[in-house]
Amino acid sequence: MDTWTADIWNDNEDECKKTLNGPGNWEKVPLFDNKIALGSFVRFKGMIQDMLNPEYYSSSFKIINSENEELISRKAKYHGSTKNIQPGEEVIFGDTLMERQIIACIPIPGLNEWAKDISNTDQNVEAQLEDNMNKRIRLDPACQNYSKEIFIFVYPEDIDTNELKVNQIVEVVGFLDRRTVQEDDGNLQEQSSIVKETYCIHAVQLKLLKSIISDNEEMNNSIWNEASNIHAELKLVLTQALLGDSLVADYLLFYLISTSYNRQHNLVPGKFSLNIRGIPENIGKNYTKHLYSLISYLVVKSEYLPIQIHTLNNMDMIPRKCYTSNRLLNGFLQLSDRTHLVLDETDLQPGNLDQKGMLNFEALKNIISNQQMKYDFTYYGMDYETQIPVLTLSIGKSILPFDVDIVLKPDPSCSNIEETMNSVHDYLKSQLHLLDKLRKYIAIISTFPFTYDESILKVIENDYVEMRKSDPKNVSGDDLHRFMMISRLIALSSGKNEFNIEIWESGKSLEKQRNLRNK
């Protein structure tokens, strides 16, 4: 495969496809980097940041040599231009036009270092936190001197372009090329004349990835069968990281594994935004960074955002359409599904939000409440669905909405934050096999099918009616939904795919403990 060219693929497409799709061959295609020669067969994994208008190209061309009248016919598919034309040669394009879709892809936002190279489990995540944060403040591909943005040319006869959507994770294999594009210079009033060259890939095949972790039935079954033991190990790790608070550890575990499902209109079942509050002021920001460091060590994708007045007023969070370059400009909140967003309010000071700050604040609220975000198309807004689990860390109750809030009660014996958190990291680094299981467990456990038996639903209905009778002012439909969601997460986290009375009672018990503590 390392000697394949676009012409070889065009002439031997069936044989090439058979080879590419053979066991293990896809993974042997070299990953793209800027040292690979143009025309090489490469693989690229990234997020669809924007979908551009399709373009037309001639399906074939001929090269005629005026000196010896030699004529060479070529298929134009997977080519961006006619290269290596020699003196005395003339190119004649065919009359048949074909169409190809163009998508702009960027490196996956929030992809944690361990997930970029799963064998590398010894990364110092916390040391990279501030650097990653700075990179994401303005990850605007069309406005940077150097960009890792890549254009992918998708051929409809090879790939169903109707399945492609903004913010999806894709992996493509194809032939490397370069393309000149117009660049946005930030001036909305004048047409930009800046141009740059960027890499592009002519895709021969494309995969939509629901998870970066490989989907393997044997591995999935192993995780499911060991779920109860893995759950216990994860809860121990989180309890120590939460300074000995096992109740908050239960809810943080639910947050890590939760995922929305069966979205209908404005209802987003499975959404679990969590506010951990009551973080002591004397440990504040230092502790929250340590906690985020651990979370990013366990989940595939995550982002950390300090909620401060100047951050909200100055950060480009909302994707914006630029009509001079006809591009969608990236915002901090343009994230792929199941990117865990951690909001840190512990250093929030009084101040005033300007217009941009209010828009950013509303965007955060909309993600948390509705799992939607309105992209800015200047003359109108367009709603895009999101699946971004949000965790808010605060001293008092969060200024942002949440599904569940719980007060942190640190154990007095865990007073040394640095020592406590370092011991958690050291433990995980010394137990690499366990760490691998924890990561896979978090990534896949809530994707297993789950059923509700009619008999247990009747019990839940009667139970809810009795709760309403005894406390009509404080029990609502939202409470029933929360009880059901937490009970479902209790079941799945322990490797059970159906409800029973014991699980329902466990969910009610957890909620009772949480409510008593919050009072």
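The values are calculated or read from the model by the stated rules, or taken from the named source; none is laboratory data. Just so we're clear, the structure is a prediction, and the values are computed from it rather than from any experiment. We place every Cβ from the backbone using ideal geometry, glycine too, and count neighbours over all the protein chains shown. Ligands, DNA and RNA are stripped out before the accessible areas are found, and what is left, the full protein with its side chains, is counted by its heavy atoms. Shrake-Rupley method; radii C 1.70, N 1.55, O 1.52, S 1.80 Å.
A simple packing score, the average count of other Cβ atoms within 10 Å per residue, orders the peptides 317-330, 217-230 as 317-330, 217-230, with the highest score first. Ordered from highest to lowest accessible area with the whole protein assembly present and a 1.4 Å probe, 5, 378 read as 378, 5. The 1.4 Å probe gives accessible areas that order 69, 157, largest first, as 69, 157.
For the stretch 28-70 versus the stretch 157-181, the inter-centroid distance based on Cα atoms is 12 Å. Quote the accessible area belonging to residue 231 in square angstrom, nearest 10, computed with a 1.4 Å probe and with ligands, DNA and RNA left uncounted. Looks like 40 Å² after rounding. Its Cα gyration tensor gives the stretch 278-429 an equivalent ellipsoid; the semi-axes, largest first and in whole Å, are 32, 18, 13.
How would you rank 292-302, 163-173, 405-415, highest first, on the average number of other Cβ atoms within 10 Å across their residues? Can you show the working numbers first?
Working: 292-302: 22.9, 163-173: 18.5, 405-415: 15.8.
Per-residue Cβ counts within 10 Å, averaged per peptide and sorted highest first, yield 292-302, 163-173, 405-415.
The protection proxy used here, the mean number of other Cβ atoms lying within 10 Å of each residue, ranks peptides 39-50, 339-350 as follows, highest first: 39-50, 339-350. Using a probe of 1.4 angstrom and keeping all protein chains present, the accessible surface of the stretch 285-370 works out to 31 square angstrom per residue. Placing unit charges on the Cβ atoms of the charged side chains and taking the dipole of the chain about its Cα centre, the candidate lying farthest along the positive direction among 22, 391, 380 is 391. Here the stretch 288-438 has 50 percent of its accessible surface on carbon and sulfur atoms, given a 1.4 Å probe and all protein chains in place.
Ordering 262, 180, 242 by the projection of their Cα atoms onto the charge dipole of the chain, which places +1 on the Cβ of Lys and Arg and -1 on the Cβ of Asp and Glu, puts 242 at the extreme positive end.
In the full protein assembly as shown, how much of residue 97 is accessible to a 1.4 Å probe, in Å² to the nearest 10? That residue has around 110 Å² of solvent-accessible surface.
For the chain, give the share of DSSP beta bridges that are antiparallel, in percent and rounded to the nearest 5; count only bridges with both residues there.
On the way: 55 of 77 bridges.
That works out to approximately 70 percent antiparallel.
The stretch 431-510 and the stretch 251-309 have their alpha-carbon centroids 19 Å apart. For the stretch 385-519, rounded, prolate or oblate, judged on the Cα gyration tensor with a ≥ b ≥ c (square roots of eigenvalues), a/c < 1.5 rounded, else prolate if a/b > b/c? Here the stretch 385-519 falls in the oblate category. Give me, ordered by chain and number, the residues 5 or more places off residue 498 or on other chains with an amide H under 5 Å from its own placed amide H. Residues meeting the criterion, in which the H sits 1.01 Å from N, are 451.
Scalar couplings 3J(HN,Hα) for the stretch 204-218, obtained by applying the Karplus form with A = 6.51, B = -1.76, C = 1.60 to θ = phi - 60°, are 9, 8, 9, 10, 8, 9, 7, 8, 6, 6, 4, 8, 10, 4, 5 Hz; x denotes Gly and Pro.
For the stretch 1-80, which whole percent of the accessible surface, found with a 1.4 angstrom probe, sits on carbon and sulfur atoms? Write out the running numbers ahead of the final one.
Values: 2260 of 4690 Å².
Whole-percent figure for carbon plus sulfur exposure: 48.
The residues of the stretch 1-112 present an accessible area of 58 Å² per residue when probed at 1.4 Å with all protein chains retained.
Run lengths n ≥ 4 of DSSP H only: what is the helix-derived mean residue ellipticity at 222 nm for the chain, with -39500 (n - 2.57) per run over all residues, to the nearest 500? If you can, show how the numbers build up before the last one.
Values: 16 runs with 183 residues, N = 519.
Mean residue ellipticity at 222 nm (helix-derived): -11000 deg cm²/dmol.
Compute the Cα gyration tensor for the stretch 395-450, then decide on rounded, prolate or oblate, letting a ≥ b ≥ c be the square roots of its eigenvalues: rounded whenever a/c is under 1.5, prolate when a/b is larger than b/c in the other cases, and oblate in all that remain. Could you put the intermediate results ahead of the total?
Values: a/c = 3.06, a/b = 1.07, b/c = 2.85.
Because a/c hits 1.5 or more and a/b fails to exceed b/c, the stretch 395-450 counts as oblate.
Measuring against 30 Å, Cα to Cα, the residue pairs 28/210; 165/512; 235/519; 365/469; 77/148 contain 165/512; 365/469 as the ones spanning a longer distance. A cut-off under 10 angstrom between Cβ atoms defines the neighbours of residue 405, and their net charge, with Lys, Arg +1 and Asp, Glu -1, is +2. Remark: the stretch 458-519 carries a charge dipole of roughly 260 debye about the Cα centre, counting +1 on each Lys and Arg Cβ and -1 on each Asp and Glu Cβ. Computed with a 1.4 Å probe over protein heavy atoms only, the accessible area of residue 96 comes to about 80 Å². Per-residue 3J(HN,Hα) values for the stretch 427-437, derived from phi via the Karplus relation 6.51 cos²θ - 1.76 cosθ + 1.60 with θ = phi - 60°, read 5, 5, 5, 8, 10, 5, 5, 5, 4, 4, 5 Hz in sequence order (x marks Gly and Pro). Looking at the square roots a ≥ b ≥ c of the eigenvalues of the Cα gyration tensor of the chain, which shape do they give, rounded for a/c under 1.5, prolate if a/b is larger than b/c, or oblate? Prolate shape, in that a/c is at least 1.5 and a/b is the bigger ratio.
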